1. Just give me the residues in region 50-72 being outside any helix (DSSP H, G or I) and surrounded by fewer than 22 Cβ atoms within 10 Å (Cβ to Cβ), in sequence order.
2. Among the numbered criteria (1) modelled with pLDDT of 85 or more; (2) in a helix (DSSP H, G or I); (3) under 21 Å from E90 (Cβ atoms); (4) not hydroxyl-bearing (S, T, Y), which single criterion is violated by E22?
3. Restricting attention to strands (runs of 3 or more DSSP E) lying wholly within region 124-206, give those where 3 or more residues are modelled with pLDDT under 85, β-branched (V, I, T) and surrounded by 15 or more Cβ atoms within 10 Å (Cβ to Cβ).
4. For region 91-123, give me the residue count where each residue is touching a Cys at 6+ places or on another chain (Cβ under 9 Å) and either exposed (fewer than 14 other Cβ atoms within 10 Å of the Cβ) or part of a helix (DSSP H, G or I) (or both).
5. Looking at region 114-153 only, could you name the residues that are aromatic (F, W, Y) and in contact (Cβ under 8 Å) with a residue 12 or more places away in the chain?
Amino acid sequence: MLVALAFCLATAGGAHADERSEAEHLRLSGELEQLAQRQLWQGVDRKFLDLEKLGVEPTYQDLLHGAHASRALGNMADAYARLKRASKLETTKEVLDWMYSIDMHYGMVELVRTPKKGDILTAGELPFDPDQRAAVELAAKAVADNGLFSGLLPAGAYVFCGQAFTVQPGIAVRIEVSPKLKKTQGIIVNVQTAPTWGEGTPPGEEKPPQ
């Protein structure tokens with residue numbers, strides 16, 4: 001009898017917890033919608049992160065708002081990840097078009113400098129597109145603050161700590177710079193590139209239907 005009672009109490013407690021989580025989800029989704037309509041993207045991103053902490057699966061619309069926020073803040077890697085999750089809930093032309101555009105205009109980049117001092121990332125030419133410009137500015141701030149950036153950058157020419165490199169869609173680039181002085185060379189630079197699409201898979205795997 002005691003075991004049955006304990007089971008019933010635990011079940012009831014779990015149901016109430018689920019109800020509270022769902023109620024909180026609805027509240028945050030509503031706030032997310034209001035902030036998105038006002039294009040207050042930093043607030044949208046914070047609410048989206050709060051929503052994820054609930055452990056409740058975001059809706060398609062939640063994920064779409066989250067992707068818009070990440071794009072506006074320059075974090076295209078997060079935007080792409082949220083779009084990918086949204087596409088698993090609803091395969092819409094809007095999401096597939098957007099993912100395809102990112103595939104065709106951005107490349108994955110990892111920049112590391114040890115120790116992190118005097119880190120500078122510059123673009124050969126800042127993009128006119130505001131989303132691409134935001135992505136470059138976010139990366140430049142990351143390497144300046146932490147000596148590290150890992151994410152998506154618009155295709156183009158860049159210089160990181162004096163090392164020139166090119167970002168191409170579908171190609172991952174990793175640059176590690178270590179200012180260890182030697183007799184023959186002042187800076188050790190490790191540059192690695194690798195395709196981000198599988199062998200035989202064309203760019204824009206998520207290409208939308210015609």
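1. Listed by number, the residues that qualify are L54, G55, V56, E57, T59.
2. (1)
3. By residue number, no strands (runs of 3 or more DSSP E) qualify.
4. Selection size over region 91-123: 2.
5. As a first pass, look at region 114-153 and keep what is aromatic (F, W, Y): 128, 149.
Residue satisfying the conditions is F149 alone.
The values are calculated or read from the model by the stated rules, or taken from the named source; none is laboratory data. All figures in this text were calculated on a predicted structure; none of them were measured in a lab. Virtual Cβ from ideal backbone geometry, glycine too; neighbours counted across all protein chains shown.
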